[in-house]
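Asker: Here it is: the structure, laid out below.
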Amino acid sequence: MLYALDTSLSSEEGFGQVKACLTSPLAKLVIWGILSALLYHMVAGVRHLIMDMGIGETLEGGKLGSKIVIAISVVLIVLAGVWIW
């Protein structure tokens, strides 16, 4: 992604090349996959921050928290897919 940023900022032709490359279905799938992993990691990190405050530390709370993390992640991943495609 840093290479694509550098190429797109180098010239107008470079921007066109990067734009053409990133509009392919394979590139969109790769971007969506990376973004999906980052979104899940972010939501799980927020869960751990909440658990550090003492909320949901029991076994039942942990199970509920994991289900909530998966549900929120699925919604965000679907929204990211709609945004990318």
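Read the figures in this text as sums done on the coordinates, not as results from a lab. Everything numeric here is computed off the predicted structure, so don't read it as measured data.
Asker: Under the 0.36 nm per residue contour assumption, what length would be gained going from the current alpha-carbon distance of Val30 and Ile70 to full extension? Intermediate results must be reported in sequence, preceding the final value.
Answerer: Numbers: separation 40, 0.36 × 40 = 14.40 nm, distance 2.07 nm.
Stretched fully, the Val30-Ile70 segment lengthens by 12.3 nm.
Asker: Here's a follow-up. At 0.36 nm per residue, minus the direct Cα-Cα distance, what do Ser10 and Leu59 gain on full extension? Give it in nm, one decimal, please. Mind showing how you got there, number by number?
Answerer: On the way: separation 49, 0.36 × 49 = 17.64 nm, distance 5.36 nm.
Length difference between fully extended and current span is 12.3 nm.
Asker: Let me ask something else. State the three equivalent ellipsoid semi-axes of the chain, derived from the C-alpha gyration tensor as the square roots of 5 times its eigenvalues, in descending order and whole Å.
Answerer: Values: eigenvalues 279, 38, 10 Å².
Listed largest to smallest, the semi-axes of the chain are 37, 14, 7 Å.
Asker: Please give the length that would be gained between Ile84 and Ala37 if that part of the chain were fully extended, namely 0.36 nm times their separation in residues minus their C-alpha to C-alpha distance (nm, one decimal). All intermediate terms of the calculation are to be shown ahead of the outcome.
Answerer: Values: separation 47, 0.36 × 47 = 16.92 nm, distance 1.47 nm.
Contour length minus Cα-Cα distance gives 15.5 nm.
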